[in-house]
Amino acid sequence: MMPQARLCSLCLLTLYLTTGYGQEGKFSGPLKPMTFSIFEGQEPSQIIFQFKVNPPAVSFELTGETNNTFKIEPDGLLYLIKPLDRETRSIYNLQVAALDAQGAIVEGPVPITIEVKDINDNRPTFLQSKYEGSVRQNSRPGSSIGTLTAHDMDEENTVNSILEYRIVAQTPQIPMDGLFLVQTYSGVFQLAKRSLKKQDTPQYNLTVEVSDKDFKTLCAVQINIIDINDQIPIFEKSDYGNLTIPEDTNIGSIILTIQATDADEPLTGSSKILYRITEGDSEGQLGVDTDPHTNAGYVTVKKPLDFETAAISNIIFKAENPEPLVSGVEYNASSFAKFTLIVTDVNEAPLFSEYVFQARVSEDVAIGTKVGNVTAKDPEGLDVRYSLRGDTRGWLNIDPVTGEIFSAAPLDRETESVYRVKVVATEVGGSSLSAVSDFHLTLLDVNDNPPRLAKEYTGLFLCYPLSAPGSLIFEATDDDWQPFRGPQFTFSLGSESLQADWEVSKINGTHAKLSTRHTSFEERVYDVPIRINDGSQPPLEGTVSLPGIVLAVVFIRMKKNKGKDNAPSAQASETKPLRS
C-alpha cells in the first residue's frame, strides 16, 4: 500500500494541474496581493494556491466576499468549494491573513482577487417566440422588413457571445425558395430576390436560426404581404341631381347617401374611402360620414342652413383613400361627384345680437334718461317691434322701433342693485313670431341715504339718582354702498345747549357712546338728539331724535317697602347699555 504522505502529495499535484496557477505562474508562494483567473463551471474542491509564511505564523484566515465558495486550510491551501457562474458574479474580492498560535494576525491581510473566466454555457435566446413583419407588394429587393433580436448571456464581445442568424425554412416556396434573407450578424430582415404579389400568397412563414459557436435556437417569423394603393375610388354615379330641403332641417339629419368603390384589398387603408366636400360649402354646413363596412357616405347637416344666405349650393365631393396612392397613380374625374342643394325658406323668429344685454347707470339719473339699447333682426327681413316683460317696478320704458331703453321712474340701488327684465322682439307681419332676450341694468350707488340707527332702541334708562356718570352705547348704519373697511361715521350732539349735561364719544366707525357729564339730573325723561355724519361725497348727515327712535334717560325712584327704612330698595349706579 502507498504511504499516506506520498498519496497526499499525489493528490495535491493533481489538483494543481486542474486549476492552473496564479499571476506569477506558480502554485505556491509567500503571502502577498494576488489575482487568480478561474473558469466558471469547474467542479468543487479545486485548489487555487498555497500560501507560505514563516513562524510565528501557524495558520491562515480568509475573509471578504467568500460567499461560501472559497475556503483556506490552516496550511495555506486556498481552494474552491462550489462551482462558479460568471453570469451571476464575475469577480470576488477576498483577503488572506496569517495568524499565530493565539489567533493574532502576524502578516496581512492581503487582497486576493478571483476573476471568473467565461465559458460558452448559455444558449442564445430570442426576445420573442414569434416575430411578425410586413412588406408591400411590388417592393424592391433589398427593402427592409424588420430586425430580429437575440441575446446571449455569455461575456460580451467574445467568441462565446457572437451570434449568427440564418433562414433555415420558408413556407410556401412560391414562386420560389429564398425570397427573404437575414443579415448574418445584425439580424436585419430583408426582401431578397424579387418583388412579391399578394395574389401569389398573402403570407410567408419562415424559420430562423440564431447560433453561437456551440448552441442553436430557432424562432418563427411571419411575413404578411400588404396590398399597395394602386386603385382609386370610383363613384357609382357622377351626379346625384337636385336635393330640396327646408332651412330648419335639424342638425345631424342625413340628407343624402353617396357611394364609391375601391378595388384595393378590402378593409385596408388602400380601400377605405373618405369623402370630402371640395366646393360649394364654404361655411361647413355639411359633412360626410363613411360607413366602415360598405364605404357608403352619409351627407349630414353639421350647421344650421340659411335660405337668406345661400338658397342654392352646387356641392362637389371627392372620394379618396387615407393611404397615399403609389407613384404614377392619380385621382381623376371618376373620384368626383356632385349634387345641387336647394334650401327652401321657413319663417323664422327674430334673432337678438346678444343673449344678454347689460348696462350700467347711476341710480340718480333723471327720468327719461337712456340707460341701454337692444337690437334684433328678422331673418326674412321683416320689421321688428320691441317690448318689455317682467318690469315689475315700472322703472323702464323701451322704444318699440329702435330698442332704446329709458328710465321711467326714480331708480333705487338700495331696493334692487341689478334690475333684470325680459326684452321681446316680435316680427311685424308674417307669423308674428317673437324672440326673448335678457336686459340687466346695474345701478351704481349714489350717497343718497343719511345715516340712521342700526335698530330701534326703546326702553332706555339710567337709574335715579345717579351716583356716578352713566353711559349708553348705540350703533349706526347706512343703506348706501359701503367700502370694504365699512362705514366711518362721526357723531356729535344735535344741540349745543346739551353740551353741559351730555357728551358723545366715538368707539369705532359704527358705534358711539352717549354719556352724562355729571350726576345732578332731575327725575324725568330726556330727549337727546344725536347728529351722525357719513363723511361720503357729498356727505350726508342724520339726526336721530323724537319722534321715531328715542334716545332718552329715565330716572326711576324705587317705591319703599312697608316695615323697612326709608332708603331705596336698590341703588343702581352702574352704567347700563342701550337696550331694545
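Annotations
- Yes/no for THR278 being open to solvent by 30 Å² or more (accessible area, probe 1.4 Å), closer than 21 Å to GLY252 by Cβ and among the β-branched types (Val, Ile, Thr): no
- Which listed residue, of SER467, SER471, SER492, SER505, is over 60 Å from the mean Cα position of the chain (by Cα), at pLDDT 85 or above and among the small types (Gly, Ala, Ser): SER492
- Matching entry among ILE312, ILE316 (being of a type in the set (Val, Ile, Thr), open to solvent by 40 Å² or more (accessible area, probe 1.4 Å) and over 26 Å from ASP378 (Cβ atoms)): ILE316
- For the range 319-342, a residue qualifies if it is open to solvent by less than 70 Å² (accessible area, probe 1.4 Å) and among the charged types (D, E, K, R), and the qualifying residues are GLU320, GLU323.
- When the range 434-451 is limited to residues that are in contact with a Ser or Thr (Cβ under 7 Å, 6 or more places away or on another chain) and hydrophobic (A, V, I, L, M, F, W, C), the one that is least open to solvent (accessible area, probe 1.4 Å) turns out to be LEU443.
- Restricting the range 403-433 to residues that are among the β-branched types (Val, Ile, Thr) and either under 45 Å from the mean Cα position of the chain (by Cα) or open to solvent by 60 Å² or more (accessible area, probe 1.4 Å) (or both) leaves a set whose member that is farthest from GLN358 (Cα to Cα) is VAL428.
- Residues that are over 30 Å from LEU388 (Cβ atoms) and charged (D, E, K, R), drawn from the range 317-367: LYS318, GLU320, GLU323, GLU330, LYS338, ASP345
- So VAL365, is it open to solvent by less than 50 Å² (accessible area, probe 1.4 Å) and assigned to a loop (DSSP other than H, G, I, E, B): yes
Table: residues versus (1) out of contact with any Phe, Trp or Tyr (no Cβ under 6 Å at 6 or more places or on another chain); (2) farther than 17 Å from SER238 by Cα.
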{"residue": "ILE258", "(1), (2)": "yes, no"}
{"residue": "THR261", "(1), (2)": "yes, no"}
{"residue": "HIS293", "(1), (2)": "yes, yes"}
{"residue": "VAL299", "(1), (2)": "yes, no"}
{"residue": "THR309", "(1), (2)": "yes, yes"}
{"residue": "ASN314", "(1), (2)": "yes, no"}
{"residue": "PHE317", "(1), (2)": "no, no"}
{"residue": "GLU320", "(1), (2)": "yes, no"}
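- Any hit, the range 239-246, residues being open to solvent by 80 Å² or more (accessible area, probe 1.4 Å) and either more than 47 Å from the chain's Cα centre (by Cα) or in the same structural domain as PHE339 (by the TED database) (or both): yes
- Answer residue from the range 433-458, given it is modelled with pLDDT of 85 or more and among the polar types (S, T, N, Q) and is farthest from THR375 (Cα to Cα) among those: THR442
- For the range 27-101, the strands (runs of 3 or more DSSP E) that sit wholly inside it and include 2 or more residues that are open to solvent by 50 Å² or more (accessible area, probe 1.4 Å) and either of a type in the set (Asp, Glu) or at pLDDT 90 or above (or both) are 34-39, 59-64, 91-99.
- Selected residue (only one of VAL528, VAL504 is assigned to a loop (DSSP other than H, G, I, E, B), β-branched (Val, Ile, Thr) and more than 30 Å from LEU411 (Cβ to Cβ)): VAL528
- Residue match in the range 258-277 (condition: at pLDDT below 90 and aliphatic (A, V, I, L, M)): yes
- Any hit, the range 337-345, residues being of a type in the set (Phe, Trp, Tyr), touching a Leu at 6+ places or on another chain (Cβ under 8 Å), under 30 Å from ARG140 (Cβ atoms) and not assigned by the TED database to the domain that holds ASP438: no
- The range 160-197: number of residues that are within 15 Å of ILE145 (Cβ to Cβ) and not aromatic (Phe, Trp, Tyr): 17
- Strands (runs of 3 or more DSSP E) enclosed by the range 110-222 - at least 3 residues per element that are open to solvent by 30 Å² or more (accessible area, probe 1.4 Å) and hydrophobic (A, V, I, L, M, F, W, C): 164-171
- Which listed residue is in a loop (DSSP other than H, G, I, E, B), touching a residue at least 40 places away in the same chain (Cβ under 8 Å) and of a type outside the set (A, V, I, L, M), from SER467, SER492: SER467
- Flag set for GLY372, criterion: open to solvent by less than 40 Å² (accessible area, probe 1.4 Å) and either assigned by the TED database to the domain that holds SER536 or touching a residue at least 60 places away in the same chain (Cβ under 8 Å) (or both).
- First in the range 182-193 and touching a residue at least 12 places away in the same chain (Cβ under 8 Å), second anywhere and of a type in the set (Lys, Arg) and open to solvent by 30 Å² or more (accessible area, probe 1.4 Å), Cβ under 9 Å, 6 or more apart: VAL182/ARG166; THR184/ARG166; LEU191/ARG140
- Residues that are touching a Pro at 6+ places or on another chain (Cβ under 6 Å), within 30 Å of ASP364 (Cα to Cα) and not aromatic (Phe, Trp, Tyr), drawn from the range 480-527: GLY494, GLY509, THR510
- Failed condition for PRO487, given (1) at pLDDT 50 or above; (2) open to solvent by 80 Å² or more (accessible area, probe 1.4 Å): (2)
The values are calculated or read from the model by the stated rules, or taken from the named source; none is laboratory data. Computed from a predicted structure; not experimentally measured. Heads up, the Cβs are rebuilt from the backbone with ideal geometry, glycines too, and the neighbour counts pull from every protein chain shown. Accessible surface areas use protein heavy atoms only, side chains included; no ligands, DNA or RNA. Shrake-Rupley method; radii C 1.70, N 1.55, O 1.52, S 1.80 Å.
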